[in-house]
1. Round to the nearest 10 and report in Å² the accessible area of residue 150, as given by a 1.4 Å probe over the protein chains' heavy atoms.
2. Can you list the residues, at least 5 places off or on another chain, whose amide H is less than 5 Å from the amide H of residue 188, using H built in the peptide plane?
3. What does DSSP give for the chain in terms of the percent of beta bridges that are antiparallel, rounded to the nearest 5?
4. May I ask you to list, by number, the DSSP H helices of the chain whose Cα span along the axis is at least 24 Å and whose average Kyte-Doolittle hydropathy reaches -1.0 or more?
5. Among all stretches of the chain without exposed chymotrypsin sites (Phe, Trp or Tyr not before Pro) (DSSP loop, at most 16 other Cβ atoms within 10 Å), which one is longest?
6. Through the Karplus equation 6.51 cos²θ - 1.76 cosθ + 1.60, θ set to phi - 60°, convert the phi angles of segment 152-162 into ³J(HN,Hα) values in whole Hz; use x for Gly and Pro.
7. Order 131, 144, most accessible first, counting only protein heavy atoms with a 1.4 angstrom probe.
8. Could you name the lysines in cross-link range of residue 274, using Cα to Cα under 20 Å and dropping any fewer than eight places away on the same chain?
Amino acid sequence: MSRKNKTLGEYIIENQASFKYTSGELSRLINSIRLAAKVVNHEVNKAGLVDIIGTAGDTNIQGEDQQKLDVYANEKFIQTLTNRNIVCGIASEEEDDFISINSQDENNQNKYVVLIDPLDGSSNIDVNVSVGTIFSIYRRITPVGTPVRIEDFLQKGNEQVAAGYIVYGTSTMLVYTTGHGVNGFTLNPAIGTFYLSHPDMQFPKDGNIYSVNEGNYIHFPQGVKNYIKYCQMEEEDRPYTSRYIGSLVSDFHRNMIKGGIYMYPKSSKNSNGKLRLLYECNPMAFLAEQAKGKASDGFTRILDLEPIELHQRVPFFCGSKNMVEKAEEFMQKNP
Ligand code: AHM
Ligand code: MG
């Protein structure tokens, strides 16, 4: 079979052996994420019909309560991972605390915990703009067969065994890494199958797109202001062009394909920026590095940061290596 026609299911089976702990558990886990992604995709694609089928808080024609899509996505991912008895714990951006799964069952020998942002950028849904799911997978550090503990989730990003995202865009794609590069799979909605469409994705070393919410400009540190001015300067390859969807997954996805930098700096309004280290920055940083890009908080590699709490926020600079290094130079001169 040609590489072009390979499905995600086939790819997972073929590559299982390249993973250093080859019990098949991680493959089953990624298969569960694939299933939940298809379910959420189906619901996201109906979002434009809310006027017809009802909006959050309404009851639909089958008598079911309509839910907000981020709540729906959260439930579907948690349900799928729980029902298949595939993980020992889940932490979600939508939940205050982590969830321990079958913690009373001594037969639960599952080794993995999943951290998830079920529907990132969900404010974009009302206006028909792409949104995404972000996931991050670690091996637990406490003994198997015991309830998970907070330290299983508060691991440094460089301990991730897999991470990825689903972008619900003009087409729906699942992009992930297990530490051997980044591969992208596109959903054929007619038959509900993901196909390998973007093998070995890589950030161009340089790019000409900068993505930042410039509405916050006056609140940014001087280093970020200077870097934005540098991007706008008339010189050699510049000015760069500005593209900001306001949906991290989509901005990241475009920049990985075309070359660019995404920034969510700290500001005088938010001293640590907006994005969450565990649910957003770590998985995207793992993907970026596996795609030959770079991710930092302006000073330190994201994957080296020591997490202190589940919902911790950090400034985020991520994308083409040369661009992130240039932004860091500016930050370090004027923090
Ligand atoms: P969310 O997790 O509440 O959806 O927020 C994360 C999103 C990112 O996808 C996006 O890049 C950013 O928030 C946009 O924020 P802003 O509107 O402040 O520019
Ligand atoms: Mg989010």
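The values are calculated or read from the model by the stated rules, or taken from the named source; none is laboratory data. Note that the coordinates shown come from a computational prediction; the quantities given were computed from them, not determined experimentally. A quick note on method: Cβ atoms are made from the backbone with ideal geometry, for glycine too, and the neighbour counts reach across all protein chains shown. To get the accessible areas, we keep the full protein, side chains included, count just its heavy atoms, and leave off ligands, DNA and RNA. Shrake-Rupley method; radii C 1.70, N 1.55, O 1.52, S 1.80 Å.
1. 70 Å²
2. Here 193, 194, 195 satisfy the definition.
3. Approximately 80 percent, going by the DSSP bridge assignments.
4. Those that clear 24 Å and a mean of -1.0 are 25-44.
5. Longest run free of exposed loop sites: 22-243.
6. The phi angles translate into 5, 9, 8, 9, 5, x, 6, 8, 4, 9, 7 Hz.
7. Ranked from most to least accessible, the order is 144, 131.
8. The qualifying lysines are 156, 225, 266, 294.
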